[in-house]
Structure formats: structure tokens, C-alpha cells
1. Please go through segment 1-10 and pick out each residue that is of a type outside the set (Gly, Ala, Ser) and open to solvent by 50 Å² or more (accessible area, probe 1.4 Å).
2. Which condition number in (1) modelled with pLDDT under 95; (2) over 30 Å from Thr160 (Cα atoms); (3) within 14 Å of the chain's Cα centre (by Cα) is the one that Cys45 fails?
3. Can you tell me which of (1) in contact with a Lys or Arg (Cβ under 9 Å, 6 or more places away or on another chain); (2) touching a residue at least 12 places away in the same chain (Cβ under 8 Å) is the one Ala32 doesn't meet?
4. How about segment 113-133: which of its residues are at pLDDT below 90 and exposed (fewer than 14 other Cβ atoms within 10 Å of the Cβ)?
5. Anything in segment 11-41 that is among the charged types (D, E, K, R), under 24 Å from Ala82 (Cβ atoms) and exposed (fewer than 15 other Cβ atoms within 10 Å of the Cβ)? List them, or say none.
6. How about segment 85-105: which of its residues are part of a strand (DSSP E or B) and either within 11 Å of Met124 (Cβ to Cβ) or among the polar types (S, T, N, Q) (or both)?
7. Look at segment 135-169 and say how many of its residues are in a helix (DSSP H, G or I), β-branched (Val, Ile, Thr) and modelled with pLDDT of 95 or more.
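The values are calculated or read from the model by the stated rules, or taken from the named source; none is laboratory data. None of the values given here were measured: they were computed from a predicted structure. With ideal geometry, Cβ positions are generated from the backbone for all residues, glycine too; neighbour counts draw on all protein chains shown. Ligands, DNA and RNA are stripped out before the accessible areas are found, and what is left, the full protein with its side chains, is counted by its heavy atoms. Shrake-Rupley method; radii C 1.70, N 1.55, O 1.52, S 1.80 Å.
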Amino acid sequence: YRGSHCSSSIAVKVLPGPEARMLHEAVMFEMAKAVQGVVMPTVVCFGKLASTHQRFNFLATSLVEGTTLSSIEITPSIAAAAAAAVQQLHGCGLVHGDLTLSNMILVQQQAELSTGLQQPSPVMLLDLGRAMLATAEECQKELERLNAKLAKCVAVTAATTAQAGVAGAAGMQQ
């Protein structure tokens with residue numbers, strides 16, 4: 001959900017199920033505090049809301065606008081930015097645990113996200129619900145899996161571009 005807090009736009013994730021799940025994700029965000037606002041949104045707050053009939057756990061973060069990598073053609077520069085973002089998360093001793101293209105977003109307006117300390121990445125990571133502490137070896141394996149996935153996407157983009165170029169050239173010759 002989209003909301004506002006202190007005149008800033010926020011994203012509110014409602015977490016069904018046990019409170020432990022929400023706490024896990026909040027703890028993972030806290031452990032990655034050094035890269036909040038750089039390769040992932042910044043946590044605004046988390047907690048639970050209750051009514052007479054239901055309880056909801058929630059996690060509110062800064063709103064990052066953009067397009068998920070699953071919705072665009074992946075270029076070599078986007079692939080490199082995604083890998084660099086993951087490496088920064090790994091620098092906090094965490095693996096993401098669910099690195100799908102839909103959990104990475106190509107940011108629209110980077111200037112607004114600047115923390116003043118580091119420039120924000122053009123690719124941000126979303127959803128730390130499956131993140132966990134990890135060894136260097138586990139971080140390397142996750143990065144290798146991501147790079148293999150991104151390489152396939154870049155190859156498909158290159159092949160599609162080449163086919164479009166050949167089709168365009170053939171049309172011009174006729």
C-alpha cells in the first residue's frame with residue numbers, strides 16, 4: 001500500500017501471519033542499516049495494528065518508485081547495477097534469499113533518494129522477508145545464481161535487438 005508519513009511518501013507492507021515473520025523482516029532491515037536508502041528502501045516504522053476482528057503486522061519503508069526488473073529488458077549496465085546492489089547487501093553479512101527480478105526495481109528518480117552519505121544505486125532490492133545471516137560462501141553462491149539469471153536476460157535482450165535490426169534492414173531493402 002502507498003501512504004504518507006511526516007509529508008513523505010511511504011510503502012506499507014501488510015504482513016499476514018505470525019508476528020515473528022514481521023519481526024524477522026524488520027530485523028533484517030536493521031542489520032542492513034548501512035545500505036538502507038542506497039540499495040534498499042529505508043525503514044520508517046513497523047508494528048501491528050489491531051481491530052476487534054483482526055490483527056495486522058506491517059512494515060513501512062520509504063517509497064521507491066520505478067519498474068521491477070521483471071518488467072523491462074535487462075541491459076548489461078542494469079545487470080551490473082543489480083549485482084552491485086546485491087554485493088552491498090552481502091557486505092552487511094546477509095543474503096537476500098529471494099532474488100527474483102520482481103524483487104529488484106530500476107529506480108526512476110535517484111536524486112530524491114540520496115542519503116547524503118552515498119549515492120543511491122540505480123537498482124534497489126525489495127522484500128527482505130527471506131533474508132538471513134550468511135557466510136561469505138553463501139553470499140558468493142547467491143551472487144553466482146543472480147549473475148547466471150541476469151546473463152540469460154541480457155542474452156535474450158541482445159538476441160531480440162539483433163532480430164529487430166535484421167528485420168528492419170530487410171524491410172528497408174524491399
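1. If the condition is that a residue be of a type outside the set (Gly, Ala, Ser) and open to solvent by 50 Å² or more (accessible area, probe 1.4 Å), then Tyr1, Arg2, His5, Cys6 are the ones that fit.
2. In the conditions (1) modelled with pLDDT under 95; (2) over 30 Å from Thr160 (Cα atoms); (3) within 14 Å of the chain's Cα centre (by Cα), Cys45 misses (3) alone.
3. Only one criterion is unmet by Ala32, namely (1).
4. Hits for segment 113-133 are Ser114, Thr115, Gly116, Leu117, Gln118, Gln119.
5. Of everything in segment 11-41, those that are among the charged types (D, E, K, R), under 24 Å from Ala82 (Cβ atoms) and exposed (fewer than 15 other Cβ atoms within 10 Å of the Cβ) turn out to be Glu30, Lys33.
6. Met104, Ile105
7. Counting residues in segment 135-169 that are in a helix (DSSP H, G or I), β-branched (Val, Ile, Thr) and modelled with pLDDT of 95 or more gives 0.
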